[in-house]
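Written below as structure tokens is the structure these notes are about.
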Amino acid sequence: MSDKHAIQLTVNGVPYDVTVDQSQNLSGALRNGTGLTGTKEGCDDCECGACMVLLDGSPVNSCSYLAVQAQGRDITTVEGLADGDDLHPLQRNILEHGGVQCGFCTPGMLMSARALLDRNASPSNEEIRIGLSGNLCRCTGYARILEAVEATAVEL
Amino acid sequence: MSFTIATSLDEALASIAAGARPIAGGSDLVVGARQGKFALPAELVAIDRIESLATIDVGADETSIGSGVTHSRLMEDGVIVDNFTAIADAAALVGSPSTRNVGTIGGNVMNSSPAMDTGAPLVVLGAEAELTTSSGSRRVGLDELWTGPGQHSAAGNELCTALVLPNRPAHSGSAYVRLEYRRAMEIAVVGAAAAVTLDGDNIASIRVALTAVAPTIIEVAGLDSLVGRPLDDASLAEIAEAASGQATPISDLRASDTYRRHTIGVMARRAAEAAANRASGETIAVPVNRALGIGAAS
């Protein structure tokens, strides 16, 4: 039997038909199969969180999740946050608070923060730290990212 | 090559009987394959959408935790937090939210790492693994299941379908304490779980098990002499001494054998004390590591 699988991924509410190897990770399928390159690949080892997407609303490391296993799930990527040209409040706040320098970790940070706020509308500082504990940043530092999430929680 | 998403246990067992390997969250299997530790199995069956594996069933005498229950659920589920608290302590320390969302207790048990966090809690709470094939189920004690680092005694056609625990008597408490250098994305340097039942101020029963100090999770032997005594400094010192004495740790990147042998005694003592405090009715939030201030301060 062929190693290729013709599958459908539902990303930000839109169905995409993609053909993947059985071992293809979800992040690669998203980046190369759907053209949605907002999801980043960093460590490829489930450590850094740059690849974070939401599967049925819960954050998952897409670098270490098989694309074939994501069939039938609702996948949300960073491209699904904004409403047209209107940034999601998390995106606007992370800009306004200076929570972005190189930006590589930002899509993953935003997805973890989104999942956190969907579950817990007014998280404590400690709860935000836990919510973002699977996301590494190596240039901005975490203080301003935490401020942006706190500001969004107040706003929403 | 094949990849099947099973929606029933029978379907999964048939695939496994035909040679497929089960995958739940893939947090060990996919990560290991991508690291080059082994090839991703050619035949895979996804078991994460089988509803019957994702249940926690409380019976008159036993509680059955489906193998597909995630760490995210274990750390917050009322049955687990109230009655089998050490499991919740452990689940809350695993990886990060995203790891806990996909990682399951069945995967943790069958990966058979001596550093697994839910293992020592399951041992002290008397859990057995339910192993199922198309022709039936059997139960096996965890000491019999785990045979070495990453090795277990289950047959290739057996799927771990549940962890079954005896319900706890009144005045019982449990805790899992882990030595960690950071508060997320961490693997146990060492860890200890304890389950205590009190009769007044005295110990009616006590079990302690150790993480990452031997080829498998091990239970501390010889603690029966503590029964009938209070869990005072002398008892705690005996627990610490027994834990350190029975540990056979390795030296690696994360710690030396000497350091592990010392700190496992400290962790065992703290776990026993927290378990006893919970048994006496004190509420200590999950994970107990935070109350104890273990891990880098925020």
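Given the structure, is A:Ser27 within 22 Å of B:Leu44 (Cβ to Cβ), surrounded by 19 or more Cβ atoms within 10 Å (Cβ to Cβ) and at the interface with another protein chain (Cβ under 10 Å from one of its Cβ atoms)? Before the answer, list the steps.
Numbers: within 22 Å of B:Leu44 (Cβ to Cβ): yes; surrounded by 19 or more Cβ atoms within 10 Å (Cβ to Cβ): yes; at the interface with another protein chain (Cβ under 10 Å from one of its Cβ atoms): no.
The answer is no for A:Ser27.
List every residue pair whose Cβ atoms sit under 7 Å apart, with the two residues 6 or more apart in sequence or on different chains, where the first one lies in the range B:83-111 and is touching a residue at least 60 places away in the same chain (Cβ under 8 Å) and within 14 Å of chain A (Cβ to nearest Cβ) and the second, anywhere, is of a type outside the set (Gly, Ala, Ser) and in a helix (DSSP H, G or I).
Correct list of pairs: B:Leu93/B:Asn289; B:Gly103/B:His71.
Quick grid of which residues meet (1) in contact (Cβ under 8 Å) with a residue 60 or more places away in the chain; (2) surrounded by 13 or more Cβ atoms within 10 Å (Cβ to Cβ); (3) under 18 Å from A:Gly28 (Cβ atoms):
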{"position": "B:Pro22", "(1), (2), (3)": "yes, yes, no"}
{"position": "B:Ser27", "(1), (2), (3)": "yes, yes, yes"}
{"position": "B:Val30", "(1), (2), (3)": "no, yes, yes"}
{"position": "B:Gln35", "(1), (2), (3)": "no, no, yes"}
{"position": "B:Ala39", "(1), (2), (3)": "no, no, yes"}
{"position": "B:Ile47", "(1), (2), (3)": "yes, yes, no"}
{"position": "B:Ile50", "(1), (2), (3)": "no, yes, no"}
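Under 9 Å between Cβ atoms, at least 6 apart or on separate chains: pull out the pairs that start in the range A:16-37 with a residue that is on the phi > 0 side of the Ramachandran plot and end on any residue that is buried (at least 17 other Cβ atoms within 10 Å of the Cβ) and of a type in the set (Phe, Trp, Tyr).
A:Gly35/A:Tyr16
So which of B:Leu93, B:Leu122, B:Leu159 ends up being buried (at least 22 other Cβ atoms within 10 Å of the Cβ) and within 22 Å of A:Val60 (Cβ to Cβ)?
On the way: B:Leu122 fails: within 22 Å of A:Val60 (Cβ to Cβ); B:Leu159 fails: within 22 Å of A:Val60 (Cβ to Cβ).
Just one listed residue meets the conditions, B:Leu93.
Would you check if there is a residue in the range A:99-107 being within 14 Å of chain B (Cβ to nearest Cβ), in contact with a strand residue (DSSP E or B) (Cβ under 7 Å, 6 or more places away or on another chain) and in contact (Cβ under 8 Å) with a residue 24 or more places away in the chain? Steps first, answer last, please.
The initial filter retains those residues of the range A:99-107 that are within 14 Å of chain B (Cβ to nearest Cβ), namely A:105, A:107.
Filter again for in contact with a strand residue (DSSP E or B) (Cβ under 7 Å, 6 or more places away or on another chain), leaving none.
No, the conditions are met nowhere in the range A:99-107.
How about the range A:108-140: which of its residues are more than 10 Å from chain B (Cβ to nearest Cβ), under 17 Å from A:Asp45 (Cα atoms) and not aliphatic (A, V, I, L, M)? Give the steps one after another, and end with the answer.
First, the residues of the range A:108-140 that are more than 10 Å from chain B (Cβ to nearest Cβ): A:109-110, A:113-114, A:117-118, A:120-124, A:127-128, A:137-140.
Next cut, under 17 Å from A:Asp45 (Cα atoms) only: A:109, A:137-138.
Passing the criteria: A:Cys137, A:Arg138.
Among B:Ala214, B:Ala184, B:Ala188, B:Ala255, which is the only one that is touching a residue at least 60 places away in the same chain (Cβ under 8 Å), small (Gly, Ala, Ser) and touching a Lys or Arg at 6+ places or on another chain (Cβ under 8 Å)?
Working: B:Ala214 fails: touching a Lys or Arg at 6+ places or on another chain (Cβ under 8 Å); B:Ala184 fails: touching a Lys or Arg at 6+ places or on another chain (Cβ under 8 Å); B:Ala255 fails: touching a Lys or Arg at 6+ places or on another chain (Cβ under 8 Å).
Every option except B:Ala188 fails the conditions.
Counting only residues that are farther than 22 Å from B:Leu74 by Cα, touching an Asp or Glu at 6+ places or on another chain (Cβ under 7 Å) and touching a residue at least 24 places away in the same chain (Cβ under 8 Å), how many does the range B:144-181 have?
0
Can you name the number of the only condition in (1) over 20 Å from the mean Cα position of the chain (by Cα); (2) modelled with pLDDT under 95 that B:Gly295 fails?
In the conditions (1) over 20 Å from the mean Cα position of the chain (by Cα); (2) modelled with pLDDT under 95, B:Gly295 misses (1) alone.
Within the range A:43-78, how many residues are more than 20 Å from B:Arg100 (Cα to Cα) and crowded, with 19+ Cβ neighbours inside 10 Å? So that I can check it myself, show each step before the final result.
Looking only at the range A:43-78, we keep the residues that are more than 20 Å from B:Arg100 (Cα to Cα), and these are A:68, A:71-72, A:78.
Okay, now just the ones that are also crowded, with 19+ Cβ neighbours inside 10 Å, so A:68, A:78.
Final tally of qualifying residues: 2.
Report yes if B:Met185 is assigned to a loop (DSSP other than H, G, I, E, B) and over 22 Å from B:Ala274 (Cβ atoms), otherwise no. I'd like the intermediate steps shown before the answer.
On the way: assigned to a loop (DSSP other than H, G, I, E, B): yes; over 22 Å from B:Ala274 (Cβ atoms): yes.
Against the criterion (assigned to a loop (DSSP other than H, G, I, E, B) and over 22 Å from B:Ala274 (Cβ atoms)), B:Met185 qualifies.
Residues in the range B:104-115: is at least one surrounded by 19 or more Cβ atoms within 10 Å (Cβ to Cβ) and more than 17 Å from B:Thr216 (Cα to Cα)? Talk me through it step by step, then tell me what you get.
From the range B:104-115, those surrounded by 19 or more Cβ atoms within 10 Å (Cβ to Cβ) are B:104-110, B:112-114; that's our starting set.
With the extra rule that they be more than 17 Å from B:Thr216 (Cα to Cα), the set shrinks to B:104.
So far as the range B:104-115 goes, yes, one or more of its residues are surrounded by 19 or more Cβ atoms within 10 Å (Cβ to Cβ) and more than 17 Å from B:Thr216 (Cα to Cα).
When you go through (1) in contact with a strand residue (DSSP E or B) (Cβ under 6 Å, 6 or more places away or on another chain); (2) within 13 Å of chain B (Cβ to nearest Cβ); (3) crowded, with 19+ Cβ neighbours inside 10 Å one by one for A:Thr34, which number turns out not to apply?
In the conditions (1) in contact with a strand residue (DSSP E or B) (Cβ under 6 Å, 6 or more places away or on another chain); (2) within 13 Å of chain B (Cβ to nearest Cβ); (3) crowded, with 19+ Cβ neighbours inside 10 Å, A:Thr34 misses (2) alone.
From A:Leu54, A:Leu9, grab the single residue that is more than 16 Å from B:Val30 (Cβ to Cβ), within 10 Å of chain B (Cβ to nearest Cβ), in contact (Cβ under 8 Å) with a residue 60 or more places away in the chain and not acidic (Asp, Glu). Break it down into steps so the answer makes sense when it comes.
On the way: A:Leu9 fails: within 10 Å of chain B (Cβ to nearest Cβ).
Answer to the check: A:Leu54.
Scan the range A:100-151 for residues that are of a type outside the set (D, E, K, R) and assigned to a loop (DSSP other than H, G, I, E, B) and report the count. Give the derivation first.
Here is the first cut: in the range A:100-151, the residues of a type outside the set (D, E, K, R) are A:100-113, A:115-117, A:120-125, A:128, A:130-137, A:139-143, A:145-146, A:148-149, A:151.
Pick out the ones that are also assigned to a loop (DSSP other than H, G, I, E, B) and you get A:100-105, A:120-124, A:132-137, A:139-142.
Count: 21.
Pairs please, first residue from the range A:63-88 and under 23 Å from A:Cys48 (Cβ atoms) and more than 8 Å from chain B (Cβ to nearest Cβ), second anywhere and in a helix (DSSP H, G or I) and β-branched (Val, Ile, Thr), Cβ atoms under 9 Å, 6+ apart in sequence or on different chains.
A:Thr77/A:Thr34; A:Val78/A:Thr106; A:His88/A:Thr152
If we keep just the residues of the range B:40-50 that are charged (D, E, K, R) and over 22 Å from the mean Cα position of the chain (by Cα), which is farthest from B:Glu130 (Cα to Cα)?
Step one: filter the range B:40-50 for residues charged (D, E, K, R), giving B:43, B:48-49.
Going one step further and asking which of them are over 22 Å from the mean Cα position of the chain (by Cα), we end up with B:43, B:49.
Numbers: B:Glu43: 23, B:Arg49: 19 Å.
Per the stated criteria, the residue is B:Glu43.
Being touching an Asp or Glu at 6+ places or on another chain (Cβ under 8 Å), assigned to a helix (DSSP H, G or I) and surrounded by fewer than 19 Cβ atoms within 10 Å (Cβ to Cβ) is the filter here; which residues of the range B:229-282 pass it?
Within the range B:229-282, just B:Leu236 meets the criteria.
Would you mind listing the helices (runs of 4 or more DSSP H) fully within the range B:54-159 where at least 1 residues are over 12 Å from the mean Cα position of the chain (by Cα)? Give the derivation first.
Details: elements: B:71-74, B:78-83, B:85-93, B:97-102, B:105-111, B:119-124, B:142-145.
Of the helices (runs of 4 or more DSSP H) lying wholly inside the range B:54-159, those with at least 1 residues that are over 12 Å from the mean Cα position of the chain (by Cα) span B:71-74, B:78-83, B:97-102, B:142-145.
Tell me which residues, restricted to the range B:30-52, are within 9 Å of chain A (Cβ to nearest Cβ) and outside any loop (DSSP other than H, G, I, E, B).
Keep residues of the range B:30-52 that are within 9 Å of chain A (Cβ to nearest Cβ), which gives B:30-31, B:33-35, B:39-40, B:42, B:44, B:46, B:48-49.
B:Val30, B:Val31, B:Ala33, B:Arg34, B:Leu44, B:Ala46 - these are the residues of the range B:30-52 that are within 9 Å of chain A (Cβ to nearest Cβ) and outside any loop (DSSP other than H, G, I, E, B).
The values are calculated or read from the model by the stated rules, or taken from the named source; none is laboratory data. A quick note: this is a predicted structure, and the numbers were derived from the prediction, not measured. All Cβ positions, even for glycine, are placed from backbone atoms using ideal geometry, and neighbour counts span all protein chains on display.
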